[in-house]
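Worksheet: the structure to be examined is printed underneath.
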Amino acid sequence: MAIDFQFQALANSDNTLVAGKVIAVASLDLEWGLIAAGIAGSAGLYYKTKNISYLYGAVSIASVIPYSFIALYPTAKKLLAIRQNNTVGGKSDSMKDNKSNDADVEALLSRWSLFHFGRTVFGLGALFVTLYGVVSEDGVRFILFNN
């Protein structure tokens, strides 16, 4: 029952930014771990096979890190600051007078969405280029079937 109450309080549309922050912070360890595993795996396969696709995959997934710090996090930080400035302690039931322009918030949300899409493209690019390396002539089959 307590979990249901917490979920209902968090899932309220007024809490979207706060919920996003909670989820993002909670998933950081998993995210960074998966990026590190992707880099290590692709780099290791490149070292063993000299298949350039694996190197491209490692670089593509590694580029998510600087991209996030340069593009995504500053925009998210601005959005959270706006929410903090318009509420008491960031709580949705304590709205003060709106000190920000709705058009500015809408523009920041659109920018964040676009930047997040770009970040997703880096991950998908890494996946596809690495899969291409797997099915190519000198892919993983080189390691598995070469005696």
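Assorted remarks:
- Of everything listed in (1) in contact with a helix residue (DSSP H, G or I) (Cβ under 7 Å, 6 or more places away or on another chain); (2) loosely packed, with under 13 Cβ neighbours inside 10 Å, the single unmet condition for residue 58 is (2).
- Residue that is modelled with the lowest pLDDT [pool: residues in the range 128-142 that are under 13 Å from residue 56 (Cα atoms) and aliphatic (A, V, I, L, M)]: 134
- Wholly enclosed helices (runs of 4 or more DSSP H) of the range 1-67 bearing at least 2 residues modelled with pLDDT of 75 or more and touching a Ser or Thr at 6+ places or on another chain (Cβ under 9 Å): 16-49, 52-62
The values are calculated or read from the model by the stated rules, or taken from the named source; none is laboratory data. Computed from a prediction, not measured in an experiment: that's the story for all the values here. Heads up, the Cβs are rebuilt from the backbone with ideal geometry, glycines too, and the neighbour counts pull from every protein chain shown.
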